[in-house]
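Peer 1: I have a structure I would like to understand better, so I am pasting it below and will then ask my questions one at a time.
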Protein chains: 2
Amino acid sequence: MNLATIVQKYGGTSVGTIDKIKAVAKKVIERKKEGNDIVVVVSAMGKTTDKLIDMAKQISDNPNKREMDMLISTGEQVTIALLSMVFQENGYDSVSLTGFQAGIKTGGVHTKNRIFDIEIQNVENHLKAGKIVVVAGFQGINENGDITTLGRGGSDTTAVALAAKLNCTCEIYTDVDGIYGVDPRVWPNAKKLDYISYEEMMEMASLGAGVMETRAVEIGCKYKIPIYVASTHGNQKGTYIKEYDETMEEKVITGLSISDDVLMVTVNNVPYNSKNISIIFDKLAKHHVNIDMISQTAPFNGYINVSFTASKEDVNTINEVQKELKAEIQGIKVSKESDITKLSVVGIGMMKQSGVAASIFTIFAENDIEFKQVTTSEISISYTLDSKDKQKAVTVLAQKLNL
Amino acid sequence: MNLATIVQKYGGTSVGTIDKIKAVAKKVIERKKEGNDIVVVVSAMGKTTDKLIDMAKQISDNPNKREMDMLISTGEQVTIALLSMVFQENGYDSVSLTGFQAGIKTGGVHTKNRIFDIEIQNVENHLKAGKIVVVAGFQGINENGDITTLGRGGSDTTAVALAAKLNCTCEIYTDVDGIYGVDPRVWPNAKKLDYISYEEMMEMASLGAGVMETRAVEIGCKYKIPIYVASTHGNQKGTYIKEYDETMEEKVITGLSISDDVLMVTVNNVPYNSKNISIIFDKLAKHHVNIDMISQTAPFNGYINVSFTASKEDVNTINEVQKELKAEIQGIKVSKESDITKLSVVGIGMMKQSGVAASIFTIFAENDIEFKQVTTSEISISYTLDSKDKQKAVTVLAQKLNL
């Protein structure tokens, strides 16, 4: 590990105005003065990406995705140029690099690409020349030479992937001051964690904790890159995401993650036949819909019902899939619910301790909270419930589990 | 010449809103339906470039130029993505290409780069696949892999250079409906020309006629690419810029070009010595200041005075040069005037006919118009005068010369 190299990432809110960009530069320069080589990864300024998407929506409900990537990748390009200008105005040599210039090679489908490699030479050469290297997050280039974007949380992924290639620490600066056991907007007494293991953070992230995307944590985990999450403003201590070890506090439950981005789809009246279930999920996969929780009832009178959850942003795609399915499987009925919240309790300690599910069912029962679906992993249990019950459920769980 | 391929260029005003982009797409599609292969070159939407420059100016009076290119090149990238989306929404296959993706290789200094080659293969392949190819004007990539921009009128240059590589006609759509003998904003009775030779247009452009940049016309001239300039709106006949031939109307004076972007710099008290003059213009060249008119008085008492004009946008650079010169040549005095207008009368017929200069001096004398400098080329005569005399001078010249 080369301790003299640091990758820092600042999100859209942190670079939302020229003054904020200047404040970020000041923070970076402090670390540069200490003798570190610094790569800064930034997102688009404030609401820029949303504004670009709005323009596209004036053209099409479903704009061409290659062109969406071409369009929205301009947001980060503006930020890197401005931030690099600030460094140079302050007498620090600096260079800005777009995704393709930073060697970020991606694959997959447009608007949801994945980094498959980084040709790090260009970044390294600029670092060796003493420059502060400013890299556009969220974007790359594919094998056809098309500009690509990485989807939600893409800038985090860019930062952690660069840190993995440079074998250094990654610092994620954001508008929250660390990782909390529960989202403090929902449970104001929530406690900030000093450490969280990669595994727990991945569960939290994939379950909707919002601070960091799963993919970024996955890369950190794979390459054992410590990720430090802290506030852009002030010097309050943040949270380290790192390997699980004995120095971490021994807790059964580390956190409770909450997601309102849940579309619950139920397909009723499916003739019982394993081929039909496979058709449903095959079609969803072909349309690149990420499925989260799946539950299926036992067959009754030769029919089964199946429910699954997905992100609300895939609703248009799911509507298309629905049409195709109705044509292929006679008589099925599809319904969608969007006032759904998913709650997940996460803790690496659950692996060693039984009865966690039971105690949570008891908490729900004692408080008259009904849930629709349950799924479990080795280190988490997730529930979907009506959004109206969200606040009550979070409050009782956070209190009982001491989060 | 492959008549089935056309390069069209639409400027910033023509693509200023989503509705305008849709109108441009409609115009392009009409030509596509006729069976043509089409490359569309576009500028940034409306005032986008100005807004980006304003952001940079909040950071520095003299922002790093590599980063300026990185910043402002995003403007065209937004337009190409949106326009390509409109084609696809209307059922036409299309692809957008940034400068580097279109193979536009540049050299020179940042913010004022020049195209030195186009690797046209990618554009050709997409055309062969039946796509409408949308290319970002004004930008390219240099030998270091840095994003570059071409300076003022760069999108015209991109369009004509692409047409030269594809050996086809270039159509420039703009907010004026063709080339006029005199700027109609200054002389409302101005006449639109059906044809103008490359040479005349280059003089007009370099002298500030504003419709098209010299460089674009130069490339057209070199590769004998007909350039058609017409209005984005409606179907009024525009003006062809092409080789001079007998079908063109035989006129001595084709046009009068007017430029207010004139900074007149006078250096007084220069010790008479050819080395000193060379020092002055060497330094200006090294700082990439484009010099236009130069006039020098005969030596008097061992000293000479020299005046030259430049673009107002170079004022900061000229201030720097001024400091260096004062340190190097003792005792010189530098003054600058910016309320200056340059008028140039242009006509390929002047080569064959003498006395044009004399008749214009007479017109000025009869109307009490004083001028500060005169320079001549084979097909033009240029004058600088106080801006307060501009309207009067244009009116009398346009009337007397029947423009």
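Peer 1: For residue A:8, work out the one condition from (1) within 13 Å of chain B (Cβ to nearest Cβ); (2) surrounded by 21 or more Cβ atoms within 10 Å (Cβ to Cβ); (3) under 22 Å from the mean Cα position of the chain (by Cα) it doesn't fulfil.
Peer 2: (1)
Peer 1: Can you pull out every residue in segment A:46-57 that is of a type outside the set (Ser, Thr, Tyr) and either crowded, with 23+ Cβ neighbours inside 10 Å or in a helix (DSSP H, G or I) (or both)? So that I can check it myself, show each step before the final result.
Peer 2: So the first thing to find is which residues in segment A:46-57 are of a type outside the set (Ser, Thr, Tyr), and the list is A:46-47, A:50-57.
Within segment A:46-57, A:50, A:51, A:52, A:53, A:54, A:55, A:56, A:57 qualify.
Peer 1: Scan the strands (runs of 3 or more DSSP E) fully inside segment B:328-395 and keep the ones with 1 or more residues being out of contact with any strand residue (DSSP E or B) (no Cβ under 7 Å at 6 or more places or on another chain). Spell out how you get there, then give the answer.
Peer 2: On the way: elements: B:333-346, B:373-377, B:380-386.
Qualifying strands (runs of 3 or more DSSP E): B:373-377.
Peer 1: Does at least one position in segment A:296-307 carry a residue that is within 30 Å of residue A:156 (Cβ to Cβ) and either modelled with pLDDT under 90 or among the aromatic types (Phe, Trp, Tyr) (or both)?
Peer 2: No, segment A:296-307 has no match at all.
Peer 1: Further question on the same structure: Of the numbered conditions (1) under 30 Å from residue A:109 (Cα atoms); (2) touching a Ser or Thr at 6+ places or on another chain (Cβ under 8 Å), residue A:305 fails exactly one; give the number of that condition.
Peer 2: Among (1) under 30 Å from residue A:109 (Cα atoms); (2) touching a Ser or Thr at 6+ places or on another chain (Cβ under 8 Å), residue A:305 violates only (1).
Peer 1: Under the condition of being of a type in the set (Ser, Thr, Tyr) and over 16 Å from residue B:257 (Cα atoms), which residue from segment B:358-378 is surrounded by the most Cβ atoms within 10 Å (Cβ to Cβ)?
Peer 2: Filtering segment B:358-378 for residues of a type in the set (Ser, Thr, Tyr) gives B:359, B:362, B:375-377.
If we keep only those that are over 16 Å from residue B:257 (Cα atoms) as well, we get B:359, B:362.
Details: B:359: 14, B:362: 12.
The extreme case among them is B:359.
Peer 1: Further, regarding this structure: Given the conditions (1) farther than 24 Å from residue B:123 by Cα; (2) out of contact with any Lys or Arg (no Cβ under 9 Å at 6 or more places or on another chain), which single one is not true for residue A:104?
Peer 2: Only one criterion in (1) farther than 24 Å from residue B:123 by Cα; (2) out of contact with any Lys or Arg (no Cβ under 9 Å at 6 or more places or on another chain) is unmet by residue A:104, namely (1).
Peer 1: I'd like the residue in segment B:136-182 that is assigned to a loop (DSSP other than H, G, I, E, B) and of a type in the set (Asp, Glu) and, out of all such residues, is modelled with the lowest pLDDT. I'd like the intermediate steps shown before the answer.
Peer 2: First pass over segment B:136-182, keeping only residues assigned to a loop (DSSP other than H, G, I, E, B): B:137-138, B:142-146, B:150-153, B:167-168, B:175-179, B:181.
If we keep only those that are of a type in the set (Asp, Glu) too, we end up with B:143, B:146, B:175, B:177.
On the way: B:143: 96, B:146: 97, B:175: 83, B:177: 86.
In this case the residue turns out to be B:175.
Residue by residue, here is whether (1) assigned to a loop (DSSP other than H, G, I, E, B); (2) modelled with pLDDT of 90 or more holds:
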| site | (1), (2) |
| --- | --- |
| A:212 | yes, no |
| A:228 | no, yes |
| A:233 | yes, no |
| A:251 | yes, no |
| A:261 | no, no |
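Peer 1: Among (1) in contact (Cβ under 8 Å) with a residue 60 or more places away in the chain; (2) under 20 Å from residue B:99 (Cβ atoms); (3) more than 10 Å from chain A (Cβ to nearest Cβ); (4) out of contact with any Asp or Glu (no Cβ under 7 Å at 6 or more places or on another chain), there is one condition residue B:49 misses while meeting the rest; what is its number?
Peer 2: In the conditions (1) in contact (Cβ under 8 Å) with a residue 60 or more places away in the chain; (2) under 20 Å from residue B:99 (Cβ atoms); (3) more than 10 Å from chain A (Cβ to nearest Cβ); (4) out of contact with any Asp or Glu (no Cβ under 7 Å at 6 or more places or on another chain), residue B:49 misses (1) alone.
Peer 1: Out of (1) assigned to a strand (DSSP E or B); (2) out of contact with any strand residue (DSSP E or B) (no Cβ under 8 Å at 6 or more places or on another chain), the odd one out for residue B:185 is which?
Peer 2: (1)
Peer 1: Out of B:105, B:128, which single residue is assigned by TED's automatic domain parsing to the domain that holds residue B:36 and under 29 Å from residue A:103 (Cβ atoms)?
Peer 2: Working: B:128 fails: under 29 Å from residue A:103 (Cβ atoms).
Testing whether each residue is assigned by TED's automatic domain parsing to the domain that holds residue B:36 and under 29 Å from residue A:103 (Cβ atoms) leaves just B:105.
Peer 1: Moving on to the next point. Please give the number of the condition residue B:100 fails out of (1) touching a helix residue (DSSP H, G or I) at 6+ places or on another chain (Cβ under 8 Å); (2) part of a loop (DSSP other than H, G, I, E, B); (3) within 11 Å of another protein chain (Cβ to nearest Cβ).
Peer 2: (1)
Peer 1: Considering A:110, A:126, which residue is surrounded by fewer than 24 Cβ atoms within 10 Å (Cβ to Cβ), touching a residue at least 24 places away in the same chain (Cβ under 8 Å) and touching a Ser or Thr at 6+ places or on another chain (Cβ under 8 Å)? Spell out how you get there, then give the answer.
Peer 2: On the way: A:126 fails: touching a Ser or Thr at 6+ places or on another chain (Cβ under 8 Å).
Checking each option against the conditions leaves just A:110.
Peer 1: Anything in segment A:259-281 that is under 19 Å from residue A:184 (Cβ atoms) and in contact with a helix residue (DSSP H, G or I) (Cβ under 6 Å, 6 or more places away or on another chain)? List them, or say none. Quick ask: steps written out before the conclusion?
Peer 2: So the first thing to find is which residues in segment A:259-281 are under 19 Å from residue A:184 (Cβ atoms), and the list is A:259-261.
Across segment A:259-281, the qualifying residue is only A:261.
Peer 1: Scanning for something more than 8 Å from every other protein chain (Cβ to nearest Cβ), of a type in the set (Gly, Ala, Ser) and either assigned to a helix (DSSP H, G or I) or under 22 Å from residue B:146 (Cα atoms) (or both), does segment B:108-120 turn up at least one residue? Step through it out loud before you land on a result.
Peer 2: Narrowing segment B:108-120 to residues more than 8 Å from every other protein chain (Cβ to nearest Cβ): B:108-120.
Subsequent filtering for residues that are of a type in the set (Gly, Ala, Ser) retains B:108.
In the following step, the residues that additionally are either assigned to a helix (DSSP H, G or I) or under 22 Å from residue B:146 (Cα atoms) (or both) were identified as B:108.
Within segment B:108-120 (the criterion being more than 8 Å from every other protein chain (Cβ to nearest Cβ), of a type in the set (Gly, Ala, Ser) and either assigned to a helix (DSSP H, G or I) or under 22 Å from residue B:146 (Cα atoms) (or both)), the answer is yes, since at least one residue qualifies.
Peer 1: Of all residues in segment B:13-28 being more than 14 Å from every other protein chain (Cβ to nearest Cβ) and assigned to a helix (DSSP H, G or I), which is nearest to residue B:125 (Cα to Cα)?
Peer 2: B:28
Peer 1: Next question, about the same structure. Would you confirm whether any residue within segment A:119-126 is in contact with a helix residue (DSSP H, G or I) (Cβ under 8 Å, 6 or more places away or on another chain) and more than 16 Å from residue A:9 (Cβ to Cβ)? So that I can check it myself, show each step before the final result.
Peer 2: Residues of segment A:119-126 in contact with a helix residue (DSSP H, G or I) (Cβ under 8 Å, 6 or more places away or on another chain): A:120, A:123-124.
Now narrow it down to the ones that are more than 16 Å from residue A:9 (Cβ to Cβ): A:120, A:124.
The answer is yes, given that some residue of segment A:119-126 is in contact with a helix residue (DSSP H, G or I) (Cβ under 8 Å, 6 or more places away or on another chain) and more than 16 Å from residue A:9 (Cβ to Cβ).
Peer 1: Please work out which one of (1) within 8 Å of another protein chain (Cβ to nearest Cβ); (2) part of a helix (DSSP H, G or I) is the condition residue A:60 fails and give its number.
Peer 2: All conditions are met except number (2).
Peer 1: Looking at segment A:289-327, which of its residues are part of a strand (DSSP E or B) and touching a residue at least 40 places away in the same chain (Cβ under 8 Å)? Step through it out loud before you land on a result.
Peer 2: Within segment A:289-327, the subset part of a strand (DSSP E or B) is A:291-296, A:300, A:303-310.
The answer is A:292, A:293, A:294, A:295, A:306, A:307, A:308, A:309, A:310.
Peer 1: Taking the stated definitions as given, is residue A:280 β-branched (Val, Ile, Thr), closer than 21 Å to residue A:386 by Cα and surrounded by 15 or more Cβ atoms within 10 Å (Cβ to Cβ)?
Peer 2: Details: β-branched (Val, Ile, Thr): yes; closer than 21 Å to residue A:386 by Cα: no; surrounded by 15 or more Cβ atoms within 10 Å (Cβ to Cβ): yes.
Taking the combined requirement at face value, the residue does not satisfy it.
Peer 1: Residues of segment B:345-403 being among the small types (Gly, Ala, Ser) and without any contact (Cβ under 8 Å) to a residue 60 or more places away in the chain, which ones? Walk me through how you get there before you give the answer.
Peer 2: Applying the first criterion (among the small types (Gly, Ala, Ser)) to segment B:345-403 yields B:347, B:349, B:354-355, B:357-359, B:365, B:377, B:380, B:382, B:387, B:393, B:398.
Correct list: B:354, B:355, B:357, B:358, B:359, B:365, B:393.
Peer 1: For residues that are over 30 Å from residue A:144 (Cα atoms) and within 9 Å of chain B (Cβ to nearest Cβ), scanning just segment A:88-97, find the one that is farthest from the chain's Cα centre (by Cα).
Peer 2: Residues of segment A:88-97 that are over 30 Å from residue A:144 (Cα atoms), as a first pass: A:88-93.
Pick out the ones that are also within 9 Å of chain B (Cβ to nearest Cβ) and you get A:88-89.
On the way: A:88: 32, A:89: 34 Å.
Going through the qualifying residues, I end up with A:89.
Peer 1: Ok, one more. Might you let me know whether segment B:74-84 holds any residue that is facing another protein chain (nearest Cβ under 9 Å), surrounded by 24 or more Cβ atoms within 10 Å (Cβ to Cβ) and closer than 14 Å to residue B:162 by Cβ?
Peer 2: yes
Peer 1: Considering only residues of segment B:213-229 that are touching a residue at least 40 places away in the same chain (Cβ under 8 Å) and over 16 Å from the mean Cα position of the chain (by Cα), which is surrounded by the most Cβ atoms within 10 Å (Cβ to Cβ)?
Peer 2: B:225
The values are calculated or read from the model by the stated rules, or taken from the named source; none is laboratory data. Values in this document were obtained by computation on a predicted structure and should not be read as measured data. Note: ideal-geometry Cβ built from the backbone for every residue, glycine included; neighbour counts use all protein chains shown.
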